[in-house]
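Asker: Please find one structure pasted underneath; my questions will follow.
No value in this document is a laboratory result; all are computed from the given coordinates. Since this is a predicted model, take the numbers as computed values, not measurements. Positions of Cβ are backbone-derived with ideal geometry, glycine not excepted, and every protein chain shown enters the neighbour counts.
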Amino acid sequence: MTDVDLSEAEKTFILHSMQDNFREDGRGCEDFRHMEVETGLISNTNGSARVRLASTDILVGVKVQLVPVDPNKPNVGRIEFFLDCSANATPAFEGRGGEGLASEITAMLTRAYSCPSAIDYPSLCVLPGQQCWLLYIDVLLLECGGNLFDAVSIAVKSALFNLRIPNVTMTKDEGGIELDVSDDPFDFKRLDVAGAPIIVTVNKIGHFHVVDASEKEEVCSLARLMLGITEKGTVTAMKKEGSGSLDTDSISEMIESAKKVGVELNKCLLNILMTEEGQEVKPVGFLR
Amino acid sequence: MPTDTRRISGPEISHSPYDYCLTPPIDLIGADKKRLDGRLPAQLRPLFLRAGVISQARGSGYIEVDQTKVICAVYGPREVLRREDFSLKGQLTCDFKFTTFSCRLRRQHQQDNQEKDLSVQLLEALEPAVCLQKYPKSQINIYVTVLQNDGSALSAAIICASLALASAGIEMYDLVLASSVAMRDALTIVDPTEREEEAVLNKTHKAELNAGSMTVAFLPSINQVSAISSDGEILCETLTKSMRLCVENCLKLYPVLQQALVKHRLDKQADTS
């Protein structure tokens, strides 16, 4: 991630203010920063979203493609995640510099979305045993301002909400079944994303458990727990990150706080997306 | 590429025959309350541990958990090769690899995404245990190879790597132990085999809320969890309960690891004298 050099005094300041239940920007331990979400802003994709969480900036584009089914799972569609760490975010990402971070984030997303209830996988199957939709979910990291995993997962969920999959008509002739993908932009079906998880990262700073850490706070935290939380409050993936270790009691506390925040976040996001859908707003895009 | 006309060229894409035999959903425990391999739900598999199996490595370890077999070598501490990687804290690198023949389906020689993910998880588990500040400007390399995978490969790898690190004489705060569980509905089974792991993750009906697996790495003497990861959809309460169960199982393995280490030291002493 980007280099933030904090002096010992600055670290102590953050740690001490945490003890008085204050964070450097005045938030409580379970508060998120201001977030902006916009969907459908890239016309060449089947679904797109941009999330700006304080200064973290994520752009997601989803493209769909018809592919032969996986012989292991003949009745479901597939998704694939790709993440590109743009060198615009930090020069450290130049060349192959961002690869490690990219594979970490995609691995976490893949794990979080691998449970069957995350999205309606059977609906992505066009012709059981033969053809299904493959969703290419491409994430672009434009700016890092802390809490990348959460922001990426929110952006992915929003882009999937925005996804418009063209309808396919099948006609049977002597040669077999012919597939015809509709090119009418208004002839599409949507994907149910109610079950899709959001990743919530809980950082341990001092003795406190903090969500949505800023870059400075991330430097102060030695260990963090990442959880994919669904709307129902179930955990679809979990991992610990950082060089420190945690004791069992604080892990269970962290899980609880992640669950609380995750359920609320899922609810808010879906509400916002629904309202955005209802009103005709002009895309803002990158001009603010 | 020029084609050889005397050969019959095969299809460009080929699939393993296993791809086409759909595994029927299995019951984790049968009517006699026993698992497929005859174990009770809370019963661990027998474990064999030995240090010093690779003579040219600084330290090494071998673990056998029934049919899961993992070998690990530790090299270093040695000089950091690239100047830009210089740091006052030592660096730990982990390389996790399944051999191509270790699983039911053949794996590729190149490290795939799952192996990369497991390498990172292994590193997360071991890093808190190693006194890295004692090794400035140097790196320690850990290479883990799974020879045969019959479930709980990550936890076996963590135990094996911590034994290898200790036998290499790397200064550590504590040995690292690891344990896995698999869950389905109200049932929790410890130390799952590959079939059981697959069975909980490949659930077909959506109704089940609780189905997944979990691995915990634990440092017993400082009572800290160094890594925790889960897959599948699990309720929070089950997660907490399973974590405590994993920690309990780790503690059961602690004497085994200590004994393997002591045996290694005694063997070495006998060799030199």
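Asker: What residues have an amide H closer than 5 Å to that of A:Gln131, excluding those fewer than 5 places away on the same chain, when H is modeled at 1.01 Å from N in the peptide plane?
Answerer: Correct list: A:Val69, A:Val126.
Asker: Binning at 5 Å from 0, report for chain A what percent of all alpha-carbon pair distances ends up in each bin.
Answerer: P(r) over chain A, rounded to whole percents: 1, 5, 11, 15, 17, 16, 12, 9, 6, 3, 2, 1, 1, 0, 0, 0.
Asker: Next question. Can you tell me the mean projection area, over all orientations, of the convex hull of the stretch B:25-95's alpha carbons? Units nm², please. Each step should come with its number before you reach the end.
Answerer: Numbers: hull surface 34.0 nm².
Reported value for the Cα convex hull: 8.5 nm².
Asker: Relative contact order of chain A, please, whole-number percent, based on alpha carbon pairs below 8 angstrom and at least 6 residues apart. Don't skip to the end; give the middle numbers.
Answerer: On the way: 572 pairs, mean separation 57.1, N = 288.
Averaging sequence separation for qualifying contacts and normalising by length gives 20 percent for chain A.
Asker: Quick check of the Kirkwood formula: for the stretch B:1-130, what is the inverse mean of 1/r over all pairs of different Cα atoms, in Å?
Answerer: Numbers: mean 1/r = 0.0504 Å⁻¹.
One decimal place: 19.8 Å for the Kirkwood radius.
Asker: Apply the Karplus curve 6.51 cos²θ - 1.76 cosθ + 1.60, θ = phi - 60°, to the phi angles in the stretch A:172-179 and return the couplings in whole Hz, x for Gly and Pro.
Answerer: After applying 6.51 cos²θ - 1.76 cosθ + 1.60, I find 9, 10, 4, x, x, 9, 9, 9 Hz.
Asker: Anything in chain B that counts as a DSSP H helix reaching 18 Å or more along its axis (C-alpha) with Kyte-Doolittle mean of at least -1.0? List them, would you?
Answerer: B:113-126, B:153-167, B:236-272
Asker: State whether the protein assembly as shown is rounded, prolate or oblate according to the following rule on the C-alpha gyration tensor (a ≥ b ≥ c being the square roots of its eigenvalues): a/c under 1.5 gives rounded; otherwise a/b larger than b/c gives prolate, and the remaining case gives oblate.
Answerer: Values: a/c = 1.63, a/b = 1.21, b/c = 1.35.
It comes out oblate by the Cα gyration axes.
Asker: Kindly provide the Kirkwood hydrodynamic radius of chain B in Å, to one decimal, from all pairs of distinct alpha carbon atoms.
Answerer: Details: mean 1/r = 0.0495 Å⁻¹.
Kirkwood hydrodynamic radius for chain B: 20.2 Å.
Asker: Another one. What are the GluC sites (Glu not before Pro) within the stretch A:71-104 that DSSP puts in a loop, where the Cβ has at most 15 other Cβ atoms within 10 Å?
Answerer: Working: sites: A:Glu80, A:Glu94, A:Glu99, A:Glu104; in loops: A:Glu94.
Answer in residue order: A:Glu94.
Asker: Average projected area of the Cα convex hull of the stretch A:134-288, in nm²?
Answerer: Directional mean of the projected Cα hull area for the stretch A:134-288 stands at 13.2 nm².
Asker: Still on this structure, please answer the following. Starting from the stretch B:9-68, pick out the trypsin sites (Lys or Arg not before Pro) whose DSSP state is loop and whose Cβ has at most 10 other Cβ atoms within 10 Å. Don't skip to the answer; put the middle values down first.
Answerer: On the way: sites: B:Lys33, B:Lys34, B:Arg35, B:Arg39, B:Arg50, B:Arg58; in loops: B:Lys33, B:Lys34, B:Arg39, B:Arg58.
Qualifying residues, ordered by number: B:Lys33.
Asker: Now, a different point. Under the definition of Cα pairs under 8 Å and six or more residues apart, what whole-number percent is the relative contact order of chain B?
Answerer: On the way: 528 pairs, mean separation 49.8, N = 273.
So the answer I get is 18 percent.
Asker: Here is a further query. Based on DSSP H assignment, which helices of chain A show an axial Cα extent of at least 18 Å together with a mean Kyte-Doolittle hydropathy greater than or equal to 0.0? Intermediate results must be reported in sequence, preceding the final value.
Answerer: Numbers: long enough: A:99-113 (21 Å, 0.27); A:148-162 (21 Å, 1.27); A:248-278 (45 Å, 0.03).
Passing helices, by number: A:99-113, A:148-162, A:248-278.
Asker: What list of ³J(HN,Hα) couplings, whole Hz, do you get for the stretch B:98-107 from phi and the Karplus terms 6.51, -1.76, 1.60, once you set θ to phi - 60° and write x for glycine and proline?
Answerer: 8, 5, 4, 9, 7, 10, 5, 8, 5, 9
Asker: OK, next. Taking amide H atoms as placed 1.01 Å from N in the peptide plane, list the residues 5 or more away in sequence, or in a different chain, whose amide H sits under 5 Å from that of A:Ile79.
Answerer: Hits under the 5 Å cutoff: A:Leu135.
Asker: Search the structure for amide H atoms under 5 Å from the amide H of A:Ala237, placed 1.01 Å from N in the peptide plane, and list their residues when 5 or more places away or on another chain.
Answerer: When sequence neighbours closer than 5 places are left aside, the close amide H contacts are A:Gly228.
Asker: Compute the normalised compactness of the stretch A:24-86: alpha-carbon radius of gyration over 2.2 N^0.38 Å, N being the residue count.
Answerer: Details: Rg = 17.2 Å, N = 63, 2.2 N^0.38 = 10.6 Å.
Ratio of Cα Rg to 2.2 N^0.38 Å: 1.62.
Asker: Next question. Using helices alone, what [θ] at 222 nm do you get for chain B, with -39,500 (n - 2.57) per DSSP H run of 4 or more residues, divided over all residues and rounded to the nearest 500?
Answerer: On the way: 4 runs with 74 residues, N = 273.
That comes out to -9000 deg cm²/dmol.
Asker: Once phi is turned into ³J(HN,Hα) by the Karplus curve 6.51 cos²θ - 1.76 cosθ + 1.60 with θ = phi - 60°, what whole-Hz value does each residue of the stretch A:237-244 show in order, with x for glycine and proline?
Answerer: 6, 9, 7, 9, 10, x, 7, x
Asker: Taking each pair of different alpha-carbon atoms in the stretch A:40-138 once, compute 1/r for the pair, average those values, and report the inverse of that mean as the Kirkwood hydrodynamic radius in Å to one decimal. Intermediate results must be reported in sequence, preceding the final value.
Answerer: On the way: mean 1/r = 0.0663 Å⁻¹.
One over the average 1/r among Cα pairs gives 15.1 Å for the stretch A:40-138.
Asker: For the pairs A:Lys189/A:Lys267; B:Lys34/B:Lys241; B:Lys33/B:Lys116, flag any whose C-alpha to C-alpha distance is greater than 25 Å.
Answerer: Values: A:Lys189/A:Lys267 23 Å; B:Lys34/B:Lys241 21 Å; B:Lys33/B:Lys116 37 Å.
As for pairs spanning more than 25 Å Cα to Cα, those are B:Lys33/B:Lys116.
Asker: Quick one: what do you get for the stretch B:18-64 if you divide its Cα Rg by 2.2 N^0.38 Å? Before the final figure, lay out the partial values.
Answerer: Values: Rg = 18.2 Å, N = 47, 2.2 N^0.38 = 9.5 Å.
Computed over Cα atoms of the stretch B:18-64, the ratio equals 1.91.
Asker: Follow-up. Springs between alpha-carbon atoms under 10 Å, Gaussian network over chain A: tell me which of A:Leu66, A:Leu227, A:Leu83 tops the mean-square fluctuations.
Answerer: Checking each option, the largest mean-square fluctuation is seen for A:Leu66.
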